[in-house]
Structure formats: structure tokens, C-alpha cells
Amino acid sequence: MNRTEKEQIVQEFTERLKETQAAFLADYRGINVEQVTNMRRELTQAGVEYRVIKNNLLKLAAQNTPAEPLQDFCAGPTAIALSGDDPVAPAKILSKYAKAIEAFELKAAVLDGKLLSVADINALAELPSREELLAKMLGSMSAPTTNFVGTLAAIPRSLVQVLHAIGESKSA
């Protein structure tokens, strides 16, 4: 890789790091091709970009970006996962693989410019996903109307039951 290619990679990553909401670093040493392929597939489906990058290039790209605190963790084989929308999705996927594969280790993450430790990443992974939170909110918003409709339907139903009971008592 010549100097111009490296400069282009640094420039591209600098732009990506400025745009992303969350960036996760991992040590991928010892993970096999099948495992990496499965993990990449899950991350891509979640809208997360996962790449392996040289530490020096990542350090240069992270300067003056919200991901600058990650420079201290650029040692050894480093992979980076960049998420633009939902920081919980990559945290869930990466934590799952870190637990399942002993060789795969999370190093650190940055969320909105704040450094997260591995424990913080695991705590983030325990949060419900964006879709789950939206579904819960929608359920909470629709609960009063559902209850109101149920209450309105109960009035005629009760009337019919009373009339039926009166009819049975008169016929007996």
C-alpha cells in the first residue's frame, strides 16, 4: 500500500468517524473465517460497517473526531465496527460473539464522543433494541384507547346478559 492509498484510507475513515454515532474496537485474533463471515453478515443486516484497519491509520483518522479516545486502544490486531443509527445493535452482536468465541475480545467503544469500557458495552448490549423500545412505546400509547373500547363494549354485553337472565327466570 503506497502513501496516497494510505492517505485516502485515513481521509475516508476520518469522515466515517465524524458521521458515526458509535464505534467499537475488537481484537479479532484467533477467530476463524466462518465465524467472521457470520458476524459480518449479522452486522451488515443491522446496518453496521465492520472493517479491519491498521492501527496507525486508525490513530491518524481518529484525530479531532469523536472517536479520538479510541487511539489508546489501537494495539494488536484491530477491527472496528461503525454504527450510524442504533448503537445497541452492534453492541448486542459483538457482545454475543465475544461471549461465544473465547479468542474474540472487545477492546473499547465510543458512543457520542464518550469512551465506553467492555463492561459498558456489555451493559449497552443488555438494553432493548430500538425496535423493541418503539413497540413498547406504541403499546403504551394504544393501551388507553384499547381499554376505552373494551369498556364501551362491556356495557351492551352486560345489558344482553341481564336481559338473557331475566328471560330465563320468567320462562322457569
Query raised in the report: Going by the conditions given, is G47 modelled with pLDDT under 85 and either touching a helix residue (DSSP H, G or I) at 6+ places or on another chain (Cβ under 7 Å) or not charged (D, E, K, R) (or both)?
Result: no
Report summary line: Checked the stretch 1-46 for anything over 19 Å from the mean Cα position of the chain (by Cα) and among the aliphatic types (A, V, I, L, M); matches are M1, I9, V10, I31, V33
Requested in this report: Give the residue, chosen from D112, D120, that is in contact (Cβ under 8 Å) with a residue 40 or more places away in the chain and within 27 Å of T14 (Cα to Cα).
Outcome: D112
**Report entry** Selection within the stretch 11-48 - hydroxyl-bearing (S, T, Y) and in a helix (DSSP H, G or I)
**Finding:** T14, T37, T44
Requested in this report: Please go through the stretch 30-59 and pick out each residue that is free of Cβ contacts under 8 Å to residues at least 12 places away in the same chain and either within 20 Å of D86 (Cβ to Cβ) or of a type in the set (A, V, I, L, M) (or both).
Outcome: V33, V36, N38, R40, R41, T44, Q45
Report task. Inspect the stretch 16-36 for any residue being in contact with a strand residue (DSSP E or B) (Cβ under 7 Å, 6 or more places away or on another chain) and either among the acidic types (D, E) or more than 24 Å from S129 (Cα to Cα) (or both) and give the result as yes or no. Result -> yes
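The values are calculated or read from the model by the stated rules, or taken from the named source; none is laboratory data. Given the structure is predicted, the values throughout are model-derived calculations rather than measurements. FYI the Cβ positions are ideal-geometry reconstructions off the backbone, even for glycines, and counts take in every protein chain you see.
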